[in-house]
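Each value in this text was obtained by applying a stated rule to the coordinates, not by laboratory testing. Note that the structure is a prediction, hence the values are computed from the model and not measured.
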Amino acid sequence: MRENLRKARKAVGLTQQAMADKLGISLRYYQQIEAGDRTGDFTLWDTLEDITGIHQRILRDQENNRL
């Protein structure tokens, strides 16, 4: 699980559905990204970085909980 991504999403006050809508992807696809089951492309991570204000390397991290 990408705990950093989950925490960052919640910190900006978005549900998984709202985040998926902002990214222009399905809820299921976003859930798979947050769960660490899918990677997503670079533009998606750039947008996530813009939305959360947190560098994508931190958001993508599945090992270290840095937030």
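Odds and ends about this structure:
- The range 3-20 - phi-based ³J(HN,Hα) in whole Hz, Karplus 6.51/-1.76/1.60, Gly and Pro as x: 4, 4, 5, 4, 5, 5, 4, 5, 5, 8, x, 10, 7, 4, 5, 5, 5, 4
- Whole-Hz couplings from phi, Karplus 6.51/-1.76/1.60, listed for the range 34-50; x for Gly and Pro: 5, 6, x, 7, 10, 9, x, 8, 5, 5, 4, 5, 4, 5, 4, 4, 5
- Computed over the Cα atoms of the chain, the ratio of the radius of gyration to the Kirkwood radius (Rg/Rh) comes to 0.90.
- Amide H to amide H, with H built 1.01 Å from N, Gly36 comes under 5 Å of Arg2, counting only residues 5 or more places away or on other chains.
- The chain: calculated mean residue ellipticity at 222 nm from DSSP helix runs of at least 4, using -39500 (n - 2.57): -17000 deg cm²/dmol
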